[in-house]
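Accompanying notes for the structure given below.
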Amino acid sequence: MGANATGPEFLVLGARGQLAQAFLQHLGRRAAGLDRLGLDLADRAAIEPALRRLKPRAVLNCAAFNHVDQAERQRARALSANAIGPARLAEAAGRLGIQLVHFSTDYVFGGDHSTRARTERDPPAPVNFYGYSKLLGEEAVLASCARALVVRVAHLYGGRSLSPGRANLVERFLEQARAGQPIRVTRGQMLNPTSVHDVVPACLRLLDEGECGLFHLTGEGCCRAEEFAGAVLELAGTAGRIEVVEREARPARRAAMTVLENERWNNLGPTRLPWWRDSLARYISGL
C-alpha cells in the first residue's frame, strides 16, 4: 500500500474536527486535510476537480453538521452537510475509483425504543432531524459508491478539535469539575464512550483489507451517562459533582438507548475494540 506519487494517499475532510485531527496526526505525511474553506461539499462543481487534482487513494469524510439541536432549526443546512454533500462526494469518488470512508452516528437509532445494543443489521429509526439527515447520508453514500465504507461512531472523545468551543466530552467534564461547576448528565441515557484513537487504526485496517459497506466502531460495552462522568473524575483524580437530571425540553428529542454493537468488526476477528473504560484510562493517563 504505497503512497500516491502525485498526491496524498489520504484526503481528510472536515479537517478541524477531533476525528479528522486524529487521522491527520496518525497518518502524518501520508494525508492532507481540508476544512470547509478548502472544499465545501455544498459546492457541487468543486468536488470532482479537487479529487482529480489531489488523486488520493482514499477520502475520509469527517465533515458533518453535528449540532443536534441546531439541526432542528437549520434543517436545510443539516441536510446539505450530512446528506446532499456526502452523496455528491460518493458519486465523484465512485466515478474516479477512489475509496471513501464516510462517518455516521448512533443517532440513526432510538425510535424503536429498543433496550438492546443495535447491530449493523438493525433497521434505523432516528428520533430527531440530525439523525434523519445522517441516515439519508449513509443511504446515499452506499448507493452511489460501490467501494464506500460507512462507519457509525458514538460519543467520541480523545481528539483535539480546532474549532472554538468544541472540547471533547472528557475535556469538557474535567473543565467543568475544575471550575467548580456541576457535570450535568441525563437520567437513563446509555452511552458507547469511544476514543478516536481506537477508531482511527480500526478504519485504516478496514481500508487495508478492502472492506466496504456499513460498520459500527465504538468502545466495547456501554454505561450510564453518570457512570461515564464518574469514571472520568476517578481516573483523572479530580473531585467534582455530578448532577443527574431528567430529560430536558430541548429542540431535538434524544433517545435513551442508541448503543451500538460492533458485530461486523467482531466477526472479522481476531480482536475486539478495547473496553470503553480501558481506553478512557489510557487517554486520561496521557493528559
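Remarks
- Cleavage-rule hits, GluC sites (Glu not before Pro), the range 176-238, DSSP coil, Cβ neighbours within 10 Å at most 10: Glu209
- Those trypsin sites (Lys or Arg not before Pro) in the range 184-251 that DSSP places in a loop and that have at most 16 other beta carbons within 10 Å: Arg187, Arg241, Arg247
- 5 angstrom amide H check on Thr119, placed H, neighbours 5+ away: Glu261
- Computed from point charges on the beta carbon alone (+1 for Lys and Arg, -1 for Asp and Glu), the dipole magnitude for the range 91-156 about its Cα centre is near 140 Debye.
- Extension gain, Thr271 back to Arg53 (0.36 nm per residue minus Cα-Cα distance, nm): 74.7 nm
- Estimated FRET transfer efficiency (Ala179, Ala249; beta-carbon r; R0 22 Å; 0.05): 0.30
- Rg/Rh, computed from the Cα trace of the range 13-158 with Rh as the Kirkwood radius, has the value 0.96.
- Exposure proxy for His197, His113, His102: other Cβ atoms within 10 Å of each Cβ, ordered fewest to most, give His113, His197, His102.
- If the Kirkwood radius is taken over C-alpha pairs of the chain, then at 37 °C and 0.692 mPa s the Stokes-Einstein diffusion coefficient equals 170 µm²/s.
- Difference of contour (0.36 nm per residue) and Cα-Cα distance, Ala46 to Arg172: 41.8 nm
- Unit charges at the beta carbon, dipole of the chain: most positive-side option, Pro8, Val141, Ala236: Pro8
- Rough spin-label spacing in nm, given labels placed 7 Å along Cα→Cβ, for Glu139 and Arg73: 2.8 nm
Computed from the coordinates by the stated procedures, all read-outs in this text should not be read as laboratory data. Values in this document were obtained by computation on a predicted structure and should not be read as measured data. In this analysis, Cβ positions are derived from the backbone assuming ideal geometry, glycine residues included, and neighbour counts consider all displayed protein chains.
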